[in-house]
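I have placed the structure first, in the form of structure tokens, so that the comments after it can refer back to it.
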Amino acid sequence: MLILLTALVAVSVVSLLIGAGEVGPQRVLGLLLSASDSEAQFIVWELRTPRTLIGIVVGIALGVAGALLQAISRNPLAEPGLLGVSAGAAFAVALALVLGASAATLRISVAQLGALVGCICVLSVARFRGVGNDPVRLVLAGAAFSGLLGSLTSLMLLYDQRAADEIRFWVVGSLAGRRLDDLVAVLPSLLVAAIAVVIMARPLAALALGERAASGLGHHPTLIRWVAVGCVALLVGAATAIAGPIAFVGLVVPFVARAFAGPDIRRTLWFCLPIGPLVVLTADIISRVVVAPSELPLGVLTALCGAPVLIAVVRAKRLPML
């Protein structure tokens with residue numbers, strides 16, 4: 001954990017030093033010594049600092065949401081992007097933008113509502129015989145749901161040209177151009193989700209032993225799942241509202257966290273806290289420099305990096321239910 005936290009601090013500093021523009025590490029270091037460079041001051045404090053902070057929060061939210069979703073579905077392939085939870089939030093925000101909603105708080109609430117509907121659909125599919133017990137089938141069902149919502153979002157792009165540019169910029173998933181006001185707007189819902197996750201950590205560990213064992217220990221499996229669904233909706237909705245849909249973070253982060261922590265969901269959740277921001281910030285830094293002076297959308301880069309991880313998990317000789 002200490003090594004991961006040190007790496008997170010180092011990546012955060014690199015995120016402030018490196019960008020797609022002309023303000024490189026030397027000018028940033030000069031800014032720290034003297035405030036005479038107004039251009040560097042604006043880029044570092046008004047652009048890169050909010051971007052780095054939002055990347056940290058988005059990484060934590062998506063990593064923890066992925067771990068929760070995998071725990072309640074007992075499926076190692078469960079991930080907000082793969083199962084349609086992020087697509088539900090993205091579709092809801094795109095619909096709100098078409099209808100003229102511009103307030104950040106309204107956009108966040110709509111995204112969380114869309115994520116909640118997506119979570120309910122995921123759990124409903126998981127209850128079908130033969131689907132919930134097969135990780136690959138559940139992912140295929142989620143992919144179909146995501147494809148449907150993606151098609152509806154594309155139709156809205158054709159329907160409303162006025163909002164098309166804003167939706168197109170937002171729906172690819174990126175940290176560029178985000179403001180601290182957006183981060184402040186999602187903090188209350190993230191705080192509620194954090195408190196709920198802390199309270200639910202022990203019941204989730206009991207649920208991993210099976211419903212009968214959890215009931216024997218005095219817990220209520222149905223209540224545990226619904227509270228976890230609410231937490232996932234708050235986390236994914238908030239992350240999607242401020243950064244757009246970013247795929248595979250909720251798959252990669254718990255996968256790496258379990259490599260450090262083992263199968264215990266409580267330890268996994270703790271390790272998701274530094275690993276999530278590490279993944280998002282590293283991908284964001286790469287997206288700035290790989291096609292400089294332009295930028296590659298973060299959602300595109302995470303999809304390119306996360307797809308091999310998904311293939312590796314699926315091709316594993318043993319794909320256990322969690």
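The values are calculated or read from the model by the stated rules, or taken from the named source; none is laboratory data. Here the structure is a predicted model, which is why all the values come from computation and not from measurement. Cβ placement follows ideal geometry from the backbone for every residue including glycine, while neighbour counts extend to all protein chains displayed. To get the accessible areas, we keep the full protein, side chains included, count just its heavy atoms, and leave off ligands, DNA and RNA. Shrake-Rupley method; radii C 1.70, N 1.55, O 1.52, S 1.80 Å.
Worth a mention:
Residue by residue, here is whether (1) modelled with pLDDT of 75 or more; (2) of a type outside the set (Asp, Glu); (3) open to solvent by less than 10 Å² (accessible area, probe 1.4 Å) holds:
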| position | (1), (2), (3) |
| --- | --- |
| GLY24 | no, yes, no |
| GLY30 | no, yes, no |
| SER34 | no, yes, no |
| GLU39 | no, no, no |
| VAL58 | yes, yes, yes |
| ALA78 | yes, yes, yes |
| VAL85 | yes, yes, yes |
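- Taken together, LEU234, LEU191 contain a single residue that is without any contact (Cβ under 8 Å) to a residue 12 or more places away in the chain and within 17 Å of the chain's Cα centre (by Cα), which is LEU191.
- Once the range 267-292 is narrowed to residues that are open to solvent by less than 30 Å² (accessible area, probe 1.4 Å) and β-branched (Val, Ile, Thr), the residue that is farthest from ILE3 (Cα to Cα) is ILE285.
- Cβ pairs under 6 Å, 6+ apart, first in the range 60-86 and at positive phi, second part of a loop (DSSP other than H, G, I, E, B) and not charged (D, E, K, R): ARG74/MET321; ARG74/LEU322
- Some residue of the range 307-321 being among the charged types (D, E, K, R), over 13 Å from the mean Cα position of the chain (by Cα) and assigned to a helix (DSSP H, G or I): no
- Residue within the range 163-176 that is in contact (Cβ under 8 Å) with a residue 60 or more places away in the chain, under 18 Å from the mean Cα position of the chain (by Cα) and open to solvent by 30 Å² or more (accessible area, probe 1.4 Å) present: yes
- For the range 1-18, a residue qualifies if it is in contact (Cβ under 8 Å) with a residue 40 or more places away in the chain and either within 20 Å of ALA259 (Cβ to Cβ) or open to solvent by 80 Å² or more (accessible area, probe 1.4 Å) (or both), and the qualifying residues are MET1, LEU4, LEU5, ALA7, LEU8, VAL11.
- Screening VAL229 against (1) within 17 Å of the chain's Cα centre (by Cα); (2) over 23 Å from ALA111 (Cα atoms); (3) β-branched (Val, Ile, Thr) leaves a single unmet condition, (2).
- Only one of the listed residues (ALA316, ALA259) is at pLDDT 85 or above, open to solvent by 40 Å² or more (accessible area, probe 1.4 Å), of a type in the set (Gly, Ala, Ser) and farther than 25 Å from GLU166 by Cβ. That residue is ALA259.
- Scan of the range 202-220 for residues that are closer than 24 Å to GLY81 by Cβ and either open to solvent by 20 Å² or more (accessible area, probe 1.4 Å) or β-branched (Val, Ile, Thr) (or both), ordered by number: ALA208
- Test: VAL300 is open to solvent by 40 Å² or more (accessible area, probe 1.4 Å) and within 24 Å of ALA87 (Cβ to Cβ): yes
- Scanning the range 60-73 turns up at least one residue that is assigned to a helix (DSSP H, G or I), at pLDDT below 85, buried (at least 21 other Cβ atoms within 10 Å of the Cβ) and among the polar types (S, T, N, Q).
- Applying the criterion of being of a type in the set (Gly, Ala, Ser) and at pLDDT 80 or above to the residues of the range 155-176, the residue that is nearest to GLY84 (Cα to Cα) is GLY173.
- Filter result for ARG266 (over 12 Å from the mean Cα position of the chain (by Cα) and more than 18 Å from ALA115 (Cβ to Cβ)): yes
- Condition met for PHE248 (surrounded by fewer than 24 Cβ atoms within 10 Å (Cβ to Cβ) and either within 15 Å of GLY55 (Cα to Cα) or in contact (Cβ under 8 Å) with a residue 40 or more places away in the chain (or both)): no
- Of all the residues in the range 215-248, those that are in a helix (DSSP H, G or I), within 16 Å of LEU123 (Cβ to Cβ) and out of contact with any helix residue (DSSP H, G or I) (no Cβ under 6 Å at 6 or more places or on another chain) number 4.
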